[in-house]
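Read through the structure below, which is laid out as structure tokens, and then see the notes.
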Amino acid sequence: MNRKNGIRMVAVDMDGTLLGADGQVSARNLAAMKAAERAGVEVVVATGRRHSYAMKVLRGLGLNEENGLISSNGAVVRTVGARLLERTLLDKETGEWLCGHMGEFRRALLVTFDRVQADGDDTRGALVVEMASELEGSIGKWMAANDRYIEHVVPIEEAMGREGMIQMMLCGTIERMREAEARLLADPKVLRVGLSPWRRSGERQQGDADGARASRPEAALHRTEYPERDLCIVDILPAGCSKGGALMNLAQLRGVERESILAIGDNWNDVSMLEAAGSAVLMANAPADLKEVAAARGWGIGKRNDEDSVAEAIEAALDGALVMPVTRS
């Protein structure tokens, strides 16, 4: 995994990767990130969180404000200092169609709007729900922490025409969310972000071997699972959005080659950026079936997220030797 030209960009996921069990960045992880910055390496945080919620942890750490922050699984890219670089929106018609298509699972639905202000914080209405009871049962602490941003709209379709809609989110048990995912994927206009990052201009062919007409996708699904909590989050984004796609766009903007990028993650929503980067490290706390994918693809497998594995990967990159010890579990 050595790179002759050295690492010029590190993309690191937050929850389950950069953050420990206390939900904070450890002293060693932060020191490694700052060492990378001093070495001229851009440290990009790439998260499923929206920008404002990511900054609740990152604010005050002293990171370079011009570093990229990929949020909402790639729908939005800002700098740490909140300067907008790229944003892709869900349109009103797609949002309304999705609400109808998901059927009973809309009880677990939350819609996100990009309402980031100059200071990096959101306003009320950044999060919209129709029914809160099921969400409070699965992500109650998160709902309480975000209460001042949440607005209740019944029916939720009435919020679809608002400016800045970037994401829909379904939350529940792993079994229930896999059922929801299957329901959504039953329509060819909805695609799962898989082991190859979707490009914003891309289309996937649908139909038989005779070459049926291509169907343009309208939405992309990203799944994040936490087996120890029996929690699954299914994010629904504009078609073409992924952490990997956003990372490649940012790298192109910065003039950084794919081979000079290290990506570090722990879950299925990180796969697109792990595959897009020249070097990849997966946390030992990743789902077991994802670790099988990592082994097959030659990605490094580090320690757990609460064992400073991010720091180990960055330190190895700065030393010019990205050889991560494989941790069996």
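Quick note: the coordinates plus some simple rules give every number you see, no bench work behind them. The shown structure was predicted, so the numbers you read here are calculated from the model rather than taken from an experiment. A quick note on method: Cβ atoms are made from the backbone with ideal geometry, for glycine too, and the neighbour counts reach across all protein chains shown.
Dipole magnitude for the range 92-238: about 340 debye, using +1 per Lys or Arg Cβ and -1 per Asp or Glu Cβ, origin at the Cα centre.
Taking 7 Å steps out from each Cα toward its Cβ at R178 and A35 produces label points 4.0 nm apart. Annotation: the antiparallel percentage among DSSP beta bridges lying fully within the chain is about 60. Among the lysines of the chain, pairs at least eight places apart or on separate chains and with Cα atoms under 26 Å apart come to 16.
A simple spin-label model places the labels of R258 and R229 3.3 nm from each other, with each point 7 Å out along Cα-to-Cβ.
Karplus-based coupling profile of the range 244-260, in residue order and whole Hz: x, x, 5, 5, 5, 5, 5, 4, 4, 4, 8, x, 9, 6, 3, 5, 9, with θ = phi - 60° in 6.51 cos²θ - 1.76 cosθ + 1.60 and x standing for Gly or Pro. Among C232, C241, C99, the order by Cβ neighbours within 10 angstrom, fewest to most, reads C99, C232, C241. Just check the chain against the gyration tensor rule for me: Cα atoms, a ≥ b ≥ c as the square roots of the eigenvalues, rounded for a/c under 1.5, and otherwise prolate or oblate depending on whether a/b exceeds b/c. Verdict is prolate for the chain.
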